[in-house]
Structure formats: structure tokens, C-alpha cells
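The structure appears below as C-alpha cells.
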Amino acid sequence: RGKDLAPTFRILDGSREEDPTIRACLEYAKQLKDCTAFAPRQIDEMLTDLEAELEKRSADPQANHPTVNVVIVNLGRFRELRREEDFSFGGGEGGSKPDAILSKLLSDGPPLGIHVCVWSDSVSTITRWLSRSSLRDIEIRILGQMSANDSNQLIDNNQANRLDRYVMLVHDDSDGKGIKFRPFMIESVLEKKP
């Protein structure tokens, strides 16, 4: 999909002042032509726009749409995205709620060229913010060293518990396989700006 069209990036920026490396990466990304960053107060605007785009693409799934990459930096900073309990009553005033839109994007977006990357600082945040079905919709997961229990929650095995300190794991849920890698220092990339 969208092979002839330039991909776009929409970043929901929940970074903190005490995260200088992440902030430096985001400042670099904001300078790129096809990248738009949104502050936490703009979450409704961004998600409403994405919901409309998803509906448009659903109406014509064979059309050639550009790829849209949605990056949520620091999920825990966005309480609006925290899933509502299954037993909660009623909907919001007009339109879908942010947590419902995120769930829809995770499940229906990839076949239509809308991909979501979620960064979270802990497994407990992920499990409180996303439902089990939404978590299953995230097919590729990158994990650092964590407890065996957290690893089992995310990838159904304790492989992330056995990682060395400076090693990470890319887990593909479609085949259940994990690949270990060493992350690079982002400072070296930022120094080579175009």
C-alpha cells in the first residue's frame, strides 16, 4: 500500500524534560518534512483526524493510500488513552473516546496502511492502558531486560528475563520468535544530521 506515496509520521509527544535523549530525537524528527508532532493537549484533534482517515480508507480499501505511522511516546502520560473498564456505562458526548479510537487503530489500521508504535516505560502501564485484544494487535514488540512475570505477560515466555543488560529483544508475535540485538547510541546518529 502507498508504495508511490511518501509515508507520514504523527508523533504524540509525551516525553519528559528529564529524558534529554528522547527529546533530542523528537526535536530532530520535528524538522523532517513528513513528520508532525502533537502535544498532549492535542490528543483529541490527532485521534479524531486519524479516526476519520481510517473510516475513509475502510470505505475504499483497495485505493492507494500513503502509509501513516503513529508514534505514541510515553503512553503513561496520556490518561485519555487508558482503557475504560468493560463494565463502564455510556459513551462520551459526540464521537468516539480516545481509548476506543486507539483500539480501532491497532486492530483495523495495519491492513489499511495506518501503523501504531507505542512506547511505554513499564509493563504495568501497557496492561492498564491496553486491553488484552489490543495488546494482541501489537504484532512486533521490542523488550528490554525485565522480570520473568512481565516477560510472560508480553510474549508468553520468559526470554526477556534472560537478556543481558545492554541487549534487547524483538519479538514477532506472528511466529513467536525473538531476535536479540544491541541497541545503538542515539547520540551518534543525531550528530550525523543531514
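The values are calculated or read from the model by the stated rules, or taken from the named source; none is laboratory data. This structure is a prediction, so every number in the text was calculated from the model and none was measured. Note: ideal-geometry Cβ built from the backbone for every residue, glycine included; neighbour counts use all protein chains shown. These area figures cover heavy atoms from the full protein model, side chains too; ligands, DNA and RNA do not enter into them. Shrake-Rupley method; radii C 1.70, N 1.55, O 1.52, S 1.80 Å.
Tabulated data
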item: Among residues of region 128-156, those that are among the β-branched types (Val, Ile, Thr) and open to solvent by 40 Å² or more (accessible area, probe 1.4 Å), counted; result: 2
item: Subset of region 157-176 [surrounded by fewer than 13 Cβ atoms within 10 Å (Cβ to Cβ) and under 20 Å from the mean Cα position of the chain (by Cα)]; result: Ser174, Gly176
item: Residues of region 7-31 satisfying the condition of being within 19 Å of Val116 (Cβ to Cβ) and in a loop (DSSP other than H, G, I, E, B); result: Pro7, Gly14, Ser15
item: Residues located in region 85-97, provided they are loosely packed, with under 15 Cβ neighbours inside 10 Å and modelled with pLDDT of 65 or more; result: Gly95
item: Verdict on Glu45 being touching a Pro at 6+ places or on another chain (Cβ under 7 Å) and either modelled with pLDDT under 85 or acidic (Asp, Glu) (or both); result: no
item: Matching residues in region 41-69 - criterion: being open to solvent by 50 Å² or more (accessible area, probe 1.4 Å), in a helix (DSSP H, G or I) and either in contact with a strand residue (DSSP E or B) (Cβ under 8 Å, 6 or more places away or on another chain) or not hydrophobic (A, V, I, L, M, F, W, C) (or both); result: Arg41, Gln42, Asp44, Glu45, Thr48, Asp49, Glu55, Lys56, Ser58
item: Residues satisfying the stated conditions in region 100-125, i.e. open to solvent by less than 20 Å² (accessible area, probe 1.4 Å) and either among the charged types (D, E, K, R) or under 21 Å from Val170 (Cβ atoms) (or both); result: Leu106, Gly109, Val123, Thr125
